[in-house]
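These notes concern the structure reproduced below.
The values are calculated or read from the model by the stated rules, or taken from the named source; none is laboratory data. Small disclaimer: the values here were computed from a predicted structure and weren't measured. No Cβ is skipped: glycine too gets one built from the backbone with ideal geometry, and neighbour counts run over all protein chains shown.
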Amino acid sequence: MRTTAEQLTDVLDHWQTGTGPLYVQLANAIVSLAESGSLDHGTRMPSERALADHLHLSRNTVTAAYQRLRDAGWLEVRPGAAPTLGVSSRGVLGLSPQERFAQILTGQVQPLVAFNTASPPPAPIVKTALEDMASFLGGSPVQGNGYAALGDRDLVLAVTEHLRARGVDAKPEEVVITAGSQQAIWLAVTMLASAQRPVALESVTYPGVFDAVHAAGSRPLALPMGPAGLDAAASIKLLRAARPDVAYVTTFHNPTGTALADDDARILLEAAAALGTTVIDDRTIGELSLDGVDRTPFAAFGTGASVITIGGMSKLFWGGLRVGWLHTNATLAEQLRHRRAAMDLGSPLLFQRVAARLLTEHFDETKGGASRRYVSHSMPWTTPSRSTASIGNTRGRSAGPRCGCGFPMAGRQGLPRGPRRRGRRSRRVRPSRCCPVPEPTTSGCRSTCRPRRCG
């Protein structure tokens, strides 16, 4: 496969956003394209002169960039032949399909923080449900023949209402139940992608999507990212040039957590509609927002774009349930439903019924509880053990035990100190003035607190 200077220039849009000399930035940009799969191993690269002309650079800059790539093993040059991407560009293609994704799932029982997966422990309500499933479901869970290849009816209705509450005009016949969101991604990509056109992805994204892309015989196309997330304007330009069958976008970018603004999402969807590109809106981690703002699903914008919305139970409830779903038009949903049933006859019926009850009756409380738990780790608060204070009460008292400081740096942060007035405290909360011992905030508290009676 040969890449012309014009083609490479198109996908190198906004490459001068890094730091360092231009030749380093150019080399790094080419490496990023190779790592994402936008440039295949063995691709013939344009000549130094042609690339320099199209990028409006000196030939010395391109020569230095190519030399840097050769030194790192990314470029191979043979006398009389065009330079080609070398062995380092194999990337994930050097692994088997099973190895590529399975390597991030190892070591799950080790007492380590797994930065390579976003798999929280089961929510408390999940433990309650599974310990006494009959009570949780309001009767014996063992009914029927045990199969729900097309999805348990209660779960389909629960997912439909879940989507409608977020602005998606969903109908039960448009919902497909899957064994987790990973299977939903696999079904959607392998159904729609082709060998003739690429699948557009964020330049760094969820690794599980790559196996689906390669299983479809397609190749990934890296959509450019900016400091605030996906660069919508640059991505639209790339979509128009490559005309991919599918574009895969996450609600919260994995792993940076940035979210696409509604205005940017709308123009991206309008461009996709004009090109006939189906957009996969992966909302698997869309419920993990700590700012309380629910991001609008792409299917709720009404742009006319073909959208597949993907979700699941793993991030908010528990990955062990292996319950996910996708929503699309009724015709495609019917095709995907039967394609999915042929794979494994459906997710375990018991877990589907548990998931339906969790989604309809325990979603809000679980999300709120998770937010409180996660925020408390970064913004700890110690419940007073000796005295209390009510902001709205007329009798404010010291809000902390003798050796606890509920409001470190209170004076500097503008919290009222509660001055005395004729022997009485004012109607304002007065944080304790004793420093926590030993705590990392001791030095910070020392600037505003006077230690006393700590012993």
In segment 266-291, anything touching a Leu at 6+ places or on another chain (Cβ under 9 Å) and more than 26 Å from Pro120 (Cα to Cα) is listed as Leu268, Ala271, Ala272, Leu275, Thr277, Thr278, Val279
When you scan segment 259-266, do you find a residue that is of a type outside the set (Gly, Ala, Ser), closer than 14 Å to Thr205 by Cβ and in contact (Cβ under 8 Å) with a residue 12 or more places away in the chain, even just one? yes
Residue among Ala34, Ala50 that alone is surrounded by 15 or more Cβ atoms within 10 Å (Cβ to Cβ) and within 25 Å of the chain's Cα centre (by Cα): Ala34
Do you know which of the residues in segment 186-220 that are within 15 Å of Val307 (Cα to Cα) and small (Gly, Ala, Ser) is surrounded by the most Cβ atoms within 10 Å (Cβ to Cβ)? Ala188
For segment 129-156, how many residues meet the condition of being charged (D, E, K, R), over 19 Å from Ala179 (Cβ atoms) and not in a helix (DSSP H, G or I)? 1
Inter-residue pairs, beta-carbon under 7 Å, first within 15 Å of Arg70 (Cα to Cα) and in segment 20-43, second modelled with pLDDT under 85 and β-branched (Val, Ile, Thr), 6+ apart: Thr43/Thr3
Complete set of residues in segment 229-287 that are at positive phi and at pLDDT 90 or above: Arg243, Gly276
For segment 293-309, does any single residue satisfy the condition of being farther than 29 Å from Leu238 by Cα, free of Cβ contacts under 8 Å to residues at least 60 places away in the same chain and surrounded by fewer than 16 Cβ atoms within 10 Å (Cβ to Cβ)? yes
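Given the condition outside any loop (DSSP other than H, G, I, E, B), closer than 22 Å to Ala158 by Cα and of a type in the set (Phe, Trp, Tyr), answer yes or no: does some residue in segment 291-299 qualify? Don't jump to the end; show me each part of the working.
Kept after step one, since they are outside any loop (DSSP other than H, G, I, E, B), are these residues of segment 291-299: 298-299.
Those still in the list that are closer than 22 Å to Ala158 by Cα too: 298-299.
Filter once more, keeping what is of a type in the set (Phe, Trp, Tyr): 298.
Yes; the residues of segment 291-299 include at least one that is outside any loop (DSSP other than H, G, I, E, B), closer than 22 Å to Ala158 by Cα and of a type in the set (Phe, Trp, Tyr).
Looking at this structure, is Glu76 at pLDDT below 80 and of a type in the set (D, E, K, R)?
Values: at pLDDT below 80: no; of a type in the set (D, E, K, R): yes.
No; evaluated as a whole, the condition is false for this residue.
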Can Ser181 be described as hydroxyl-bearing (Ser, Thr, Tyr), modelled with pLDDT under 90 and within 28 Å of Ala234 (Cβ to Cβ)? no
Take the residues in segment 197-219 that are hydrophobic (A, V, I, L, M, F, W, C) and part of a strand (DSSP E or B), then tell me which one is farthest from the chain's Cα centre (by Cα). Val199
A careful count of residues in segment 164-185 that are buried (at least 22 other Cβ atoms within 10 Å of the Cβ), part of a helix (DSSP H, G or I) and out of contact with any Gly (no Cβ under 8 Å at 6 or more places or on another chain) gives 1
Residues satisfying the stated conditions in segment 220-239, i.e. over 14 Å from Trp15 (Cα atoms), free of Cβ contacts under 8 Å to residues at least 60 places away in the same chain and part of a strand (DSSP E or B): Gly229, Leu230
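Residues checked against (1) at pLDDT 85 or above; (2) acidic (Asp, Glu):
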site	(1), (2)
Gly37	no, no
Asp53	yes, yes
Ala65	yes, no
Ala72	yes, no
